[in-house]
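Student: Pasting a structure here, questions to come.
The numbers here are math on the coordinates, done by the rules we state, and not lab data. Remember, it's a predicted structure, so these values are computed and weren't measured experimentally. So basically every Cβ, Gly included, is an ideal-geometry build from the backbone, and we count neighbours across all protein chains shown.
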Amino acid sequence: MSNFIPGQPLVAVVQRIEIKKLRQGDNLILGFSIGGGIDQDPGQNPFSDDKADKGIYVTRITPGGPAETADLRMGDKIMQVNGYDMTMMTHDQARKRLTKKNEDVVRLLVTRKSLEEAVKNSMGGYQRQ
Amino acid sequence: MDNESTYSGYSYKSSQSRSSRKHRDRRDRHRSKSRDSSIRDKSVTIQAPGEPLLDAESTRGDDRDDNWGETTTVVTGTSVDSVSNEDLTRLKDLEDSSPLQCRRFLGPALGGVLGLFALVTPLAFLALPQLLWRDTLEPCGTPCEGLYISLAFKLLILLISTWALFLRPPRATLPRFFIFRCLLLALVFLFVASYWLFYGVRVLEPRETDYRGIVGYAASLVDALLFIQYLALVLLEVRHLQPAFCLKVVRTTDGASRFYNVGHLSIQRAAVWLLDQYYNDFPVYNPALLNLPKSILSKKMSAFKVYNLGEENSTNNSTGQSRTMIAAASRKRDNSHTEYYYEEAEVERRVRKRKARLVVAVEEAFTHIKRHQDDEGSVSSPKHPREVMDPREAAQAIFAPMARAMQKYLRATRQQSYHSMESIINHLQFCITHSMTPKAFLELYLSPGPTLQYLDTSRGRQWTLVSEEPVTSALRQGQVFSLRRLDFSLVVTVTPLPFLNLGEEFIDPKRHKFVMKMQSETSV
């Protein structure tokens, strides 16, 4: 989660995660909870580095759900859902994007801090050579 | 100095001052000049308070020994060391205040005579026909009696309201005429005079027989007098109540300043009102509390000598010399600010230490006495009869343990000239009589109170109003005038109060709604 300046292009290391929705009764569920959004209070977000970051974060993963099997982790920031940008969304709009009834699969681009460190380590190792 | 009254006013505008000075001179013919000569005589001795004297005072304070009864010595212009501080303030008080003379009642006496004349006139109007040509008068029945009653009550009301509003001893003598008062007196005089004129021509000459008309005439006079009194009330008492200007008052010696709101007044009236507030609000001016010790200030200039390396004009020399000295002194790295800082911290620490000692001593002293209740008289055993004292003796008894701490504290805060031992014992007696706590006893000494506390109110105080405009002109924006006394002055600046544009915004009480700043979590 790099420094987030509104209006400026954002550079982040992302990971592609594909989640197949699970049918439970009448609903298609993904098995995680989101928090955040541009209409929410960013200061209460425990996962963000920059407390002004109003992006959508994964706050909980139901154990055994499709999100867990797809390797989504708690604290991930969702950057894109099926090609739609999620960095400037209200909470409700984000929820709607994730719960579209006619989609079976959601392809997320998520970023997390450990990704950046991993890249840095690998690049650093490369550069040392 | 030309003919001046007790309060002299300087003004530099020519035309108005000339005419009013003429009036003033005519009025001042009776006034004696002994006051002025006494000022001139005393001024020779009082010339002494200047810089060297204050230094002597402030340094002598520490090594003077602890006895309260100061021996007095002769005050002359040359011997600086032999004057004592209390003598100086006593003399200064004598000098500054004047015994309240009967002169100040002259103006009000004039007004009183005129008022009495105006009040007696209707009765004279009624009485004269009865006395002079009683038999030819037409008898008048009930309408006359109604008029008599209304006349009587209106006169009574006039009398009472005149007593309530105007019959007060004047609190100040103004340098110029109080314009509104003069206007009103002139109006009353003209009015009554014209009534007498008409009365003389129309009633006394032809011996008018219509008594009802005469009574009606007298009643109309009383009505008109009531209206004049209403006018007087509005002009003298009510008009200046609505605030219109803000006056900033700054004392020149120590910078104490206040802001006051006044209404539409002339400069002299505003000055009098201001001085009333001054005695109430401003802490007493203590000349012993200087800003910077001389040791710090005098070091700077004397460290340089200026050498002249060329042929120069002698007149340019001195200014150039002083300018180079000032420039050099400012460029040199001086540490006088650190000295000042440390010295101030040291003084403050000393004052606080002595204050702590004083508070403890006073608290302890107050525990030695308590109020004697009459009903427990039989409880005390006959072997140890308790001595019953009156407040004065009790005060003297407990003064001894706190005397030293008190004296040291007063020395540290340079207040020793304001409180003599006698006055401290008096204050102690007062506090004991009213069952005050030690803290209440100490409030007089711990903070410098308003000037009024230290005044001897049986004498008048002399102030000089210095202004560039005639002092009877009304207050305007940007005026500056000052009120001067011997050793300090108050500079007053006038600014008008801003015009207030008050708007309205109605808020429906149901519109107060709030939302929580959310961090909602939705499971998808």
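Student: How much net charge surrounds B:S523 when only the other residues with a Cβ under 12 Å from the Cβ of B:S523 are counted, with Lys and Arg +1 and Asp and Glu -1?
Tutor: Surrounding charge for B:S523 is +1.
Student: Among A:K20/A:K54; A:K21/A:K120; A:K100/B:K510; A:K54/B:K510, which pairs are too far apart, with a Cα-Cα distance over 28 Å?
Tutor: A:K21/A:K120; A:K100/B:K510; A:K54/B:K510
Student: Another question about this same structure. So how far apart, in nm, are the two label points at B:S161 and B:N286 if each is 7 Å from Cα heading toward Cβ?
Tutor: 5.0 nm
Student: Something else now. Please work out whether segment B:390-524 counts as rounded, prolate or oblate from its C-alpha gyration tensor, where a ≥ b ≥ c are the square roots of the eigenvalues and a/c under 1.5 means rounded, while otherwise a/b larger than b/c means prolate and anything else oblate?
Tutor: oblate
Student: Now for a different question. Using 7 Å Cα-to-Cβ label points, what is the B:A345/B:S423 separation (nm, one decimal)?
Tutor: 3.4 nm
Student: In addition: How charged is the neighbourhood of A:L30? Take every other residue with its Cβ under 10 Å from the Cβ of A:L30, and add Lys/Arg as +1 and Asp/Glu as -1.
Tutor: Net charge in that neighbourhood comes out at +2.
Student: Please arrange A:I34, A:I56, B:I507 by counting, for each residue, the other beta carbons lying within 10 Å of its beta carbon, fewest first.
Tutor: Final ranking by Cβ density, sparse to dense: B:I507, A:I34, A:I56.
Student: So what is the relative contact order for segment B:103-238, in percent, with contacts set as C-alpha pairs under 8 Å and at least six apart?
Tutor: Value for segment B:103-238: 49 percent.
Student: Quote the FRET efficiency, to the nearest 0.05, computed for A:K101 versus B:D508 with a Förster distance R0 of 60 Å and r equal to the Cβ-Cβ distance.
Tutor: 0.90
Student: Can I ask one more? Can you pull the mean other chain C-beta count within 10 Å for peptide A:31-38?
Tutor: Mean number of neighbouring Cβ atoms from other chains: 3.
Student: For B:F399 and B:D210 in one chain, what is 0.36 nm times their gap in residues minus the Cα-Cα distance, to one decimal in nm?
Tutor: 59.9 nm
Student: Note the full-extension length gain between B:T136 and B:Y279 as 0.36 nm times their separation in residues minus their Cα-Cα distance, in nm to one decimal.
Tutor: Full extension of this stretch gives 45.0 nm more.
Student: By count of other Cβ within 10 Å, fewest leading, how are A:R60, B:R414 ordered?
Tutor: A:R60, B:R414
Student: Would you mind getting me the FRET efficiency between B:S257 and B:A109? Use the beta-carbon distance for r and R0 = 30 Å, nearest 0.05.
Tutor: Once rounded, the FRET efficiency stands at 0.20.
Student: Under the definition of Cα pairs under 8 Å and six or more residues apart, what whole-number percent is the relative contact order of chain A?
Tutor: 31 percent
Student: Right, here's the next one. Suppose each label sits 7 Å from its Cα in the direction of the beta carbon; what would the A:K120-B:D456 distance come out to in nanometres?
Tutor: 8.5 nm
Student: Okay, moving on. State the answer as a single residue: which of A:G75, A:L109, A:Q40 lies farthest towards the positive end of the charge dipole of segment A:14-125, with beta carbon charges of +1 for Lys and Arg and -1 for Asp and Glu, about the Cα centre.
Tutor: So the residue we want is A:L109.
Student: Taking amide H positions as placed 1.01 Å from N in the peptide plane, with prolines and chain starts having none, which residues 5 or more places from B:E521, or on another chain, fall under 5 Å of its amide H?
Tutor: Distant-sequence amide H within range of B:E521: zero hits.
Student: Translational diffusion coefficient, Stokes-Einstein: compute it for segment B:103-238 using the Kirkwood radius over C-alpha pairs as Rh, at 20 °C and 1.002 mPa s, and state it as an integer in µm² s⁻¹.
Tutor: 132 µm²/s
Student: Here's a follow-up. Please give the FRET efficiency for B:R171 paired with B:A244, using the beta carbon to beta carbon distance and R0 = 25 Å, rounded to the nearest 0.05.
Tutor: Result of the calculation: an efficiency of 0.65.
Student: On to the next question. I need the phi-derived Karplus couplings for segment B:167-179: 6.51 cos²θ - 1.76 cosθ + 1.60, θ = phi - 60°, integer Hz, Gly and Pro marked x.
Tutor: Here the 3J(HN,Hα) series is 8, 10, x, x, 9, 8, 9, 9, x, 10, 5, 7, 4 Hz.
Student: Let me ask another. Please compute the volume of the convex hull spanned by the alpha-carbon atoms of segment A:14-125 and report it per residue in Å³.
Tutor: 107 Å³
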